[in-house]
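> Got a structure here, written out as structure tokens. Questions coming.
A short reminder: the numbers here are calculations on the coordinates, not readings from a lab. Because the structure is predicted, anything quoted here is derived from the model rather than measured. In this analysis, Cβ positions are derived from the backbone assuming ideal geometry, glycine residues included, and neighbour counts consider all displayed protein chains.
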Amino acid sequence: MINWFADRSPYGVQEVHTMTQTVKIGKSSVETTPLGLGTNKVGGHNLFDGLKDEDGFRVVKAALDDGISLLDTAFMYGLGKSEEIIGDVIQDYDRDQFVIASKAAQDPNNNLQPNNNPAFLKQSVDDALLRLETDYIDIFYIHFPDDKTPKAEAVQALVDEKKAGKIKAIGVSNFSLDQIKEANVDDQVDIVEDNYSLVHRQAEQAEFGYLKDHQISFVPYFPLASGLLTGKYTPADASKFKQFSSDQYQTIMDNLEVVKGIAVAHSATVAQAILAWYIKNPDISVVIPGARVADQVHSNAKAMAIDLSDAEYQQIDQLFSQF
Ligand SMILES: NC(=O)c1ccc[n+]([C@@H]2O[C@H](COP(=O)([O-])OP(=O)(O)OC[C@H]3O[C@@H](n4cnc5c(N)ncnc54)[C@H](OP(=O)(O)O)[C@@H]3O)[C@@H](O)[C@H]2O)c1
């Protein structure tokens, strides 16, 4: 059996399961598969055009049917709609078999401005529980920092929710390192979710050292760079990815051709090989690719069966070292 996770916990817990490999989240009791599902395109009509609710239902069902155990959602994805769709689908599944991560901060009574007020966060947990039709949320993140609530006070609200059994692990997202340190002053933060991918690697220098030292798990968002790293775009699509210079974009295209060679050796797609790189990366706990349709989920789930060699892992790492 593949030994992916012998040393992937941020604090060295060695866990190798024979049927389903799992990852432990921070200092909490939460365990999940190393590949989850990002659900901002499940009901996220306020963020993306052309979404269909029925695709959203199928996407969530596909994940659970394929043994993907973590569903990453947020109030912000459809202003509750993503959580509602998930809540609907999960009624047919055993609650012990999957993990829900949700987030709040955007205040619907104040133009969706970030609000970390303790009472607001507690109400947000209660509201999310209702939409998700469940008794507990495994991971709850403060989605964005606000500029007035002391971070430790915001986290204390989630500590209270944890003591009440409403959540099991505490996360922060889009916090700078200083804000993470302030939030984690009492060592209560289990997990951080931030923008990170092979073409956006700043978190490695900015955060990874602190997270490892404090037993905090890391979840990258935009792991496929919004689809760019699936290999489905061509040089002609450069204008869709304006964050990259034309030289950088061409480098990414060239690199993905090399990744394609590695993927083919595993009878895999480029997206699967890229996802397998995150799964093998000891600094990353769970990779949560998003999906618009169920077939993408079925395909991405297969990345859990790809065991990149150390040389292949290093080769992909080096290819993208300039980012
Ligand atoms: N904490 C935060 O502030 C924050 C911010 C952003 C996202 N997130 C979370 O992170 C998750 C991941 O980010 P993301 O979904 O925005 O970006 P991503 O994972 O980098 O890219 C996902 C997109 O790539 C395309 N795709 C996925 N699998 C594919 C496949 N096998 N073949 C071809 N195309 C494929 C799909 O878009 P198309 O089909 O439309 O091309 C999909 O929606 C989100 O879903 C959300 O849960 C969190």
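> Computed over the Cα atoms of the chain, what is the convex hull's projected area averaged over all directions, in nm²?
Values: hull surface 62.1 nm².
Mean orientational projected area (the chain, Cα hull): 15.5 nm².
> Per-residue ellipticity at 222 nm for the chain, helices alone: DSSP H runs ≥ 4 residues times -39500 (n - 2.57), over residue total, nearest 500 deg cm²/dmol?
On the way: 10 runs with 112 residues, N = 323.
Taken over the chain, the calculation gives -10500 deg cm²/dmol.
> Turning to a different aspect of this structure: With θ set to phi - 60°, apply the Karplus curve 6.51 cos²θ - 1.76 cosθ + 1.60 along the stretch 195-205 and write out the HN-Hα couplings as whole Hz, x wherever there is a Gly or Pro.
Coupling constants for the stretch 195-205: 5, 7, 7, 4, 10, 7, 9, 4, 4, 4, 7 Hz.
> Cβ neighbours within 10 Å, averaged per peptide: list 312-323, 169-180 in order, most packed at the top.
Values: 312-323: 15.7, 169-180: 20.2.
For the peptides 312-323, 169-180, the packing ranking is 169-180, 312-323.
> So which of 61/280; 27/168; 27/162; 24/151 end up more than 18 Å apart by C-alpha?
On the way: 61/280 26 Å; 27/168 10 Å; 27/162 13 Å; 24/151 24 Å.
From the list (61/280; 27/168; 27/162; 24/151), the Cα-Cα distance tops 18 Å for 61/280; 24/151.
> Evaluate the distance, in nm, between pseudo-label points positioned 7 Å from the Cα of residue 49 and of residue 318 along their respective Cα→Cβ axes.
In this crude spin-label approximation the distance works out to 4.3 nm.
> Sticking with this one: Sequence-distant or interchain residues sharing an amide H contact under 5 Å with residue 221, placed H: which?
For residue 221, the qualifying residues are 194, 195, 196.
> Follow-up. Sort 224-233, 156-165, 80-89 by the packing proxy (mean of other Cβ within 10 Å over each peptide's residues), most packed first. Display every interim value, and only then the final one.
Working: 224-233: 19.9, 156-165: 16.7, 80-89: 23.5.
Going by the mean number of other Cβ atoms within 10 Å, highest first, we get 80-89, 224-233, 156-165.
> Using DSSP, restrict attention to beta bridges with both residues in the chain and report what percent are antiparallel, rounded to the nearest 5. Mind showing how you got there, number by number?
Working: 5 of 29 bridges.
Roughly 15 percent of the DSSP beta bridges within the chain come out antiparallel.
> Would you mind putting 241-253, 290-302, 126-138 in packing order, based on average other-beta-carbon counts within 10 Å, highest first? Intermediate values should be presented prior to the final figure.
Numbers: 241-253: 14.3, 290-302: 19.9, 126-138: 17.6.
Descending mean neighbour count gives 290-302, 126-138, 241-253.
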